[in-house]
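Q: Supplied in structure tokens, the structure appears directly below.
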């Protein structure tokens, strides 16, 4: 019998307890040990649950109970999750977390403590919800140098974009529906503005490249500026607009990392990842391209990943799973202005067409219904972001109004 | 330093040696030990390779060398691979294989020996080439009861079907191109007739459900009867024809397993898995649906999976990875005639339309270019295969000629 504690009894935390109780036989089969939830830490009371007697409000009970070998953290946010997780690791307990904000901000530090104390710090659920992705990268692709990762990492924004694409719903309306359905939070900023996707691409990049990539060093754009017109123009060229997170190691060892909406061609597997699903493509030097797909959030999918990590901790109580990255610095990061991409550009104005011709030469126009005569949208050749910015300045100088611009994936 | 031997120096075997030498630093980082290929077993001579001095022709040299702790088998076929692998396991060596025919036929027996001898028998590369699939099922989905698996498991047939769908190439011509490009063997029967996909679904089912499912008990149909007309009719209803392998555990614990071409609706993620790529969907009771996608064959992708298994063996030289299934019997298998599905049916004849109306009621017709007046194709409601057969007999009795019928996924 292995005793564990679960910190936080929100959506994910309550799912973890449910799964451990509900799939007990299967889990014991895999773990080769019975797993018992000894404590559930939450400031709220849950008198009506089956586990009412397990609830505690004082973290120190967990910390000071030597029977608790594994602690699950599903509280979210950095404080006090960080202090609690750190204290548990330092006390020689293994920790499993679904908290992407914590891992993206403090991963290197917490992994170093876990290494020193010879315990496990696992966080499969922090990226892609239940989709197996961190363990496949670190174990199944161990023969590879992973050099590129790109994915749809946020289900909320993908749900909104899918509604904009397939049902012609404007952004505000799509967001409202997402909120009603519980796919978006009342304060949707972390999702809509790309911060959630940014944390996940940071974790993927840190694991794949071995050095911590911090969110504040990653160029991050959200989807709130995408219009129905952009969606229609994109469709005419066989593109879907998706919020993409990407991290790529260049030959000079610098990492290009960004989160931005992008036009994804229909030939790319990511273009058909719709609704609340996530899809993550990983490129390795031996395997080529692989993709992982599934529900990136939700109570049970996320609990599935947390419990798999708990099982792994139980099987490795005396040894340590190899999962590690060093601390990193800004000098490892490529300047976003040097990132190369083709660009979707939408302009209007009496002189717009001439201006486009002067700046870009001949372009192949995209189309939409009810397109005004003085409006033009097109996809450019590949340039650096810096050069794109210069060109768009030049368009303005020549009298064109730039209504929108987006990366092409 | 861990010494290994590689048996077979064909496409996969030579890839394994290349990857171990070429990605040495990365591999040592992951394995925490240097890995050295001590012997390569092959009946042929390879005087011009860099490893010419490692070649041997006598298996007993490997078997009797106590320094060799891990043996890689990439010879293919059942004999003598089975005898060699068995002897290695019995001698206390761990074995890694890419040989799906061997695992599908002898998996339960070899896993039992590995268990008894406390060594590892790993075979990630036997399904989906380099795509991580067996390890994710057994580890990342450990909190789940996996109850259903469906996939495009054979790249050769998927390449042929993709050419038929996107380039309107007839079957024979598409097969010829596949052979020219090296995607199909000169004797393509194992691929075309579904035997290769059948071995893979057997391995996936055995691992997921815990009991060996043998290929001879799995209904297997190939793609050689698919016509361009079928492809066109399917497209008119937004379906792509794909060779699907599926294994599903029903509530009575019986397993429904089959390999057959099927009409896949465009809303299903598998419909966009094109060319030589494979895609495998797994359903678990906690996680819901997840999909794994990538190149299902090829020298380096397959070598990637083999080497990841070797690394895992190195890390678990003293313990055993949990990967196991019991022997199984035909009583575990649901009779194929009881399998329930909607069916695509194509009929012709003067009385065809009346016959269809009498047998199925009103149907929604599919369409194709140059469709003769007396031809009709449609998708039925869901019935058992047995009932479908009765209905098609009835169609014939009423004067309709059945030109083709295919499952709908």
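Q: Find the residue count for the stretch B:368-409, including only residues that are touching a strand residue (DSSP E or B) at 6+ places or on another chain (Cβ under 8 Å) and under 27 Å from residue B:151 (Cα atoms).
A: Within the stretch B:368-409, residues that are touching a strand residue (DSSP E or B) at 6+ places or on another chain (Cβ under 8 Å) and under 27 Å from residue B:151 (Cα atoms) number 16.
Q: Among the residues of the stretch A:349-365, is any in a strand (DSSP E or B), more than 12 Å from chain B (Cβ to nearest Cβ) and in contact (Cβ under 8 Å) with a residue 60 or more places away in the chain? Reasoning before the result, please.
A: The first filter runs over the stretch A:349-365 and keeps only residues in a strand (DSSP E or B), leaving A:365.
From what's left, more than 12 Å from chain B (Cβ to nearest Cβ): A:365.
Those still in the list that are in contact (Cβ under 8 Å) with a residue 60 or more places away in the chain too: none.
No - not one qualifying residue is present in the stretch A:349-365.
Q: Looking only at helices (runs of 4 or more DSSP H) that lie completely in the stretch A:1-71, which have at least 1 residues being more than 14 Å from every other protein chain (Cβ to nearest Cβ) and either at pLDDT 95 or above or more than 31 Å from the chain's Cα centre (by Cα) (or both)?
A: Values: elements: A:11-22, A:24-31, A:59-63.
In the stretch A:1-71, the matching helices (runs of 4 or more DSSP H) lie at A:11-22, A:59-63.
Q: Let me ask you something else. What residue, among those in the stretch B:131-158 that are under 12 Å from the mean Cα position of the chain (by Cα) and part of a loop (DSSP other than H, G, I, E, B), is nearest to the other protein chains (Cβ to nearest Cβ)?
A: B:131
Q: What single numbered condition from (1) touching a residue at least 24 places away in the same chain (Cβ under 8 Å); (2) not in a loop (DSSP other than H, G, I, E, B) fails to hold for residue B:393?
A: Evaluating residue B:393 over (1) touching a residue at least 24 places away in the same chain (Cβ under 8 Å); (2) not in a loop (DSSP other than H, G, I, E, B) leaves (1) as the failure.
Q: Of the residues B:174, B:184, B:197, only one is outside the structural domain of residue B:123 (by TED's automatic domain parsing), surrounded by 17 or more Cβ atoms within 10 Å (Cβ to Cβ), in contact with a strand residue (DSSP E or B) (Cβ under 6 Å, 6 or more places away or on another chain) and closer than 20 Å to residue B:279 by Cβ; which?
A: Numbers: B:174 fails: in contact with a strand residue (DSSP E or B) (Cβ under 6 Å, 6 or more places away or on another chain); B:184 fails: in contact with a strand residue (DSSP E or B) (Cβ under 6 Å, 6 or more places away or on another chain).
Testing whether each residue is outside the structural domain of residue B:123 (by TED's automatic domain parsing), surrounded by 17 or more Cβ atoms within 10 Å (Cβ to Cβ), in contact with a strand residue (DSSP E or B) (Cβ under 6 Å, 6 or more places away or on another chain) and closer than 20 Å to residue B:279 by Cβ leaves just B:197.
Q: Just the residues that are farther than 15 Å from residue B:339 by Cα and either loosely packed, with under 14 Cβ neighbours inside 10 Å or touching a residue at least 40 places away in the same chain (Cβ under 8 Å) (or both), please, taken from the stretch B:366-390. Walk me through it before giving the result.
A: So the first thing to find is which residues in the stretch B:366-390 are farther than 15 Å from residue B:339 by Cα, and the list is B:366-379.
B:366, B:367, B:368, B:369, B:370, B:372, B:373, B:377, B:379, listed by residue number.
Q: Out of the residues in the stretch B:305-318 meeting the condition of being in contact (Cβ under 8 Å) with a residue 24 or more places away in the chain and part of a loop (DSSP other than H, G, I, E, B), tell me which one is farthest from the other protein chains (Cβ to nearest Cβ). Working first, answer last.
A: At the first step, the residues of the stretch B:305-318 found to be in contact (Cβ under 8 Å) with a residue 24 or more places away in the chain are B:305-317.
Checking which are part of a loop (DSSP other than H, G, I, E, B) leaves us with B:316-317.
Values: B:316: 10, B:317: 12 Å.
Among those that are in contact (Cβ under 8 Å) with a residue 24 or more places away in the chain and part of a loop (DSSP other than H, G, I, E, B), it is B:317.
Q: Now, a different point. With the requirement that a residue be buried (at least 23 other Cβ atoms within 10 Å of the Cβ), more than 8 Å from chain A (Cβ to nearest Cβ) and closer than 14 Å to residue B:144 by Cβ, what does the stretch B:274-295 give you?
A: Passing the criteria: only B:282.
Q: Here is a follow-up. Output the residues belonging to the stretch A:177-205 that are part of a helix (DSSP H, G or I) and farther than 10 Å from residue A:156 by Cβ. Explain how you work it out, then say what you get.
A: Keep residues of the stretch A:177-205 that are part of a helix (DSSP H, G or I), which gives A:177-180, A:189-192, A:195-205.
If the condition is that a residue be part of a helix (DSSP H, G or I) and farther than 10 Å from residue A:156 by Cβ, then A:177, A:180, A:189, A:195, A:198, A:199, A:200, A:201, A:202, A:203, A:204, A:205 are the ones that fit.
Q: Here are some residues: B:264, B:259. Which one is within 13 Å of another protein chain (Cβ to nearest Cβ), buried (at least 19 other Cβ atoms within 10 Å of the Cβ) and touching a strand residue (DSSP E or B) at 6+ places or on another chain (Cβ under 7 Å)?
A: Working: B:259 fails: within 13 Å of another protein chain (Cβ to nearest Cβ).
Just a single option satisfies the conditions, and that option is B:264.
Q: Go through (1) on the phi > 0 side of the Ramachandran plot; (2) at pLDDT below 95 and name the single condition residue B:194 misses.
A: (2) is the only condition that residue B:194 fails.
Rundown of residues vs (1) within 27 Å of residue A:216 (Cα to Cα); (2) in contact with a helix residue (DSSP H, G or I) (Cβ under 9 Å, 6 or more places away or on another chain); (3) in a helix (DSSP H, G or I), yes/no style:
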site	(1), (2), (3)
A:331	yes, no, yes
A:344	yes, yes, no
A:367	no, yes, no
A:386	yes, yes, yes
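Q: Something else about it: Restricting to the stretch A:88-102, name every residue that is under 21 Å from residue A:314 (Cβ atoms) and either crowded, with 17+ Cβ neighbours inside 10 Å or under 24 Å from the mean Cα position of the chain (by Cα) (or both).
A: Step one: list which residues in the stretch A:88-102 are under 21 Å from residue A:314 (Cβ atoms), which gives A:88-99.
Once the filter is applied, which keeps residues that are under 21 Å from residue A:314 (Cβ atoms) and either crowded, with 17+ Cβ neighbours inside 10 Å or under 24 Å from the mean Cα position of the chain (by Cα) (or both), the stretch A:88-102 yields A:88, A:89, A:93, A:94, A:95, A:96, A:97, A:98, A:99.
Q: Moving on to the next point. Quick one: how many residues across the stretch B:201-219 are crowded, with 21+ Cβ neighbours inside 10 Å and farther than 15 Å from residue B:325 by Cβ?
A: The qualifying residues number 1.
Q: Looking for whichever is surrounded by 24 or more Cβ atoms within 10 Å (Cβ to Cβ), under 18 Å from residue A:247 (Cβ atoms) and in contact (Cβ under 8 Å) with a residue 40 or more places away in the chain here; the options are A:160, A:133. Which one fits?
A: Details: A:160 fails: under 18 Å from residue A:247 (Cβ atoms).
Among A:160, A:133, only A:133 is surrounded by 24 or more Cβ atoms within 10 Å (Cβ to Cβ), under 18 Å from residue A:247 (Cβ atoms) and in contact (Cβ under 8 Å) with a residue 40 or more places away in the chain.
Q: Among the residues of the stretch A:82-130 satisfying the criterion of being assigned to a loop (DSSP other than H, G, I, E, B) and free of Cβ contacts under 8 Å to residues at least 60 places away in the same chain, which is farthest from residue A:325 (Cα to Cα)? Show your work before the answer.
A: From the stretch A:82-130, those assigned to a loop (DSSP other than H, G, I, E, B) are A:91-93, A:98-99, A:118-120, A:123, A:127-130; that's our starting set.
Subset that is free of Cβ contacts under 8 Å to residues at least 60 places away in the same chain: A:91-93, A:99.
On the way: A:91: 21, A:92: 20, A:93: 20, A:99: 17 Å.
The qualifying residue farthest from residue A:325 (Cα to Cα) is A:91.
The values are calculated or read from the model by the stated rules, or taken from the named source; none is laboratory data. Quick caveat, the model's predicted, so the values are computed rather than measured. Every residue, glycine as well, gets a Cβ built from its backbone with ideal geometry; the counts of neighbours run over all protein chains shown.
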